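Data block below; observations after.
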Amino acid sequence: MMIGLSHYLIVSAILFSIGLVGVLRRRNLLMLFFATEVMLNAVNIAFAAISHYYNDLTGQMFAFFIIAIAASEVAVGLGILIVLYKKYGSLDLDDLASMRG
Amino acid sequence: MYEIVAFYLFSALTIGLFLITVMSKNILYSMTSLAAGMVLISGFFFILGADFLGVVQLVVYVGAVMALYAFAMMFFDATRDIKEKNTNNALVFLLGGLSALVLVLMFAAPIFSESVQALYPMHEGVGNAQDVGIVLFTKYLVPFEVAALMLLVAMIAGIILAGKKMDVSLTEDMGADDEIMIVKDEK
């Protein structure tokens, strides 16, 4: 039995769903960032697997750009987290809710 | 044979580590398991023959991004457990499970892939890094430069956002400040 494309895609789907559960479930902003990292990594696995099985380099290119976007997202996001922590003293989304409707 | 063993080992370990990342109450455990999971994902890339992507994953994700998170942890109190009130856990797991099922069904469905052909095919006898370099610096040169500009903008934004009021202590403990003042007075 050989490892095919669908094996990698199923692992990628499972990891993406783990990240999705994290985004839906967590209330701490730092944990939300970790969950988005999990989702981005899952997509990278799918891109690399498709690139390998179709013998095409485009998937790897997109994975590179995803990594670059994730790095810049982390840099800006952590700056915003530090500003929020200075202002509110907490990273909990329930404490940060300032708009009461 | 080795590929099969490595694939199942890496996938089981990655799923377990990322589950710890998502479920853990402690930020430190969560961050450590995320870093370990990213190392194992670079293992996936090495199995798939994307050597350069694996190295970039190790350098950028495990090296830079996790170091950035570790530096940010100095601002937050990492030893304290996170208290969260989860109002509707069953709904979240139902939605997550359903989306997992839908994604697996979509990916496992037979894809009409006969007409798909490689736009930039890999060359025989050329290393992966050379191949990636040729495509990246010819066909994807403009997105590459735009990505570089975006990283520069993100770096400046991060410095400006994090550098405001750097002299004010975040985990300020009034008692500790008083003690320092007292010690200074005694001298």
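The values are calculated or read from the model by the stated rules, or taken from the named source; none is laboratory data. In this text the structure is predicted, and so the values were computed from the model without any measurement. So basically every Cβ, Gly included, is an ideal-geometry build from the backbone, and we count neighbours across all protein chains shown.
I'm trying to understand the selection: among the residues of segment B:93-137, which are within 17 Å of residue A:11 (Cα to Cα), modelled with pLDDT of 75 or more and surrounded by 12 or more Cβ atoms within 10 Å (Cβ to Cβ)?
Those that are within 17 Å of residue A:11 (Cα to Cα), modelled with pLDDT of 75 or more and surrounded by 12 or more Cβ atoms within 10 Å (Cβ to Cβ): B:96, B:97, B:99, B:100, B:101, B:102, B:103, B:104.
Look through segment A:62-71, keep the residues that are surrounded by fewer than 22 Cβ atoms within 10 Å (Cβ to Cβ) and over 13 Å from the mean Cα position of the chain (by Cα), and return whichever of them is nearest to the other protein chains (Cβ to nearest Cβ).
Here the answer is A:65.
Any idea how many residues of segment A:4-59 are charged (D, E, K, R) and without any contact (Cβ under 8 Å) to a residue 12 or more places away in the chain?
Here the count works out to 3.
Looking at the structure I just gave you, is residue B:71 facing chain A (nearest Cβ under 9 Å) and modelled with pLDDT of 90 or more?
no
State whether one or more residues within segment B:92-109 are more than 7 Å from every other protein chain (Cβ to nearest Cβ) and under 28 Å from residue A:71 (Cα atoms).
No, there is no match, as no residue in segment B:92-109 is more than 7 Å from every other protein chain (Cβ to nearest Cβ) and under 28 Å from residue A:71 (Cα atoms).
Considering every residue within segment B:64-72, establish whether at least one is of a type in the set (Val, Ile, Thr) and exposed (fewer than 14 other Cβ atoms within 10 Å of the Cβ).
no
Kindly indicate the residue of segment A:43-61 that is assigned to a helix (DSSP H, G or I) and surrounded by fewer than 19 Cβ atoms within 10 Å (Cβ to Cβ) and also farthest from the other protein chains (Cβ to nearest Cβ) among those meeting that condition.
In the first step, residues of segment A:43-61 are kept if they are assigned to a helix (DSSP H, G or I); the result is A:43-53, A:58-61.
From what's left, surrounded by fewer than 19 Cβ atoms within 10 Å (Cβ to Cβ): A:43, A:53, A:58.
Values: A:43: 11, A:53: 9, A:58: 6 Å.
Only one residue fits best here, namely A:43.
Results for (1) over 24 Å from residue A:3 (Cβ atoms); (2) in the same structural domain as residue B:15 (by TED's automatic domain parsing), shown as yes or no for each residue.
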{"position": "B:46", "(1), (2)": "no, yes"}
{"position": "B:60", "(1), (2)": "yes, yes"}
{"position": "B:71", "(1), (2)": "yes, yes"}
{"position": "B:93", "(1), (2)": "yes, no"}
{"position": "B:96", "(1), (2)": "yes, no"}
{"position": "B:101", "(1), (2)": "no, no"}
{"position": "B:105", "(1), (2)": "no, no"}
{"position": "B:117", "(1), (2)": "no, no"}
{"position": "B:134", "(1), (2)": "yes, no"}
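Based on this model, can you work out whether residue A:6 counts as in a helix (DSSP H, G or I) and surrounded by fewer than 18 Cβ atoms within 10 Å (Cβ to Cβ)?
yes
Answer yes or no as to whether residue B:88 is under 20 Å from residue A:92 (Cα atoms) and touching a residue at least 40 places away in the same chain (Cβ under 8 Å).
no
If a residue must be modelled with pLDDT of 90 or more, out of contact with any helix residue (DSSP H, G or I) (no Cβ under 7 Å at 6 or more places or on another chain), surrounded by fewer than 17 Cβ atoms within 10 Å (Cβ to Cβ) and of a type outside the set (Phe, Trp, Tyr), how many such residues does segment B:5-60 contain?
Total meeting the criteria: 6.
Enumerate the pairs (first residue in segment A:72-84 and more than 7 Å from chain B (Cβ to nearest Cβ); second residue anywhere and modelled with pLDDT of 90 or more and crowded, with 17+ Cβ neighbours inside 10 Å) with beta-carbon separation below 7 Å, excluding pairs fewer than 6 apart on the same chain, so at least 6 apart or on different chains.
These pairs meet every condition: A:77/A:33.
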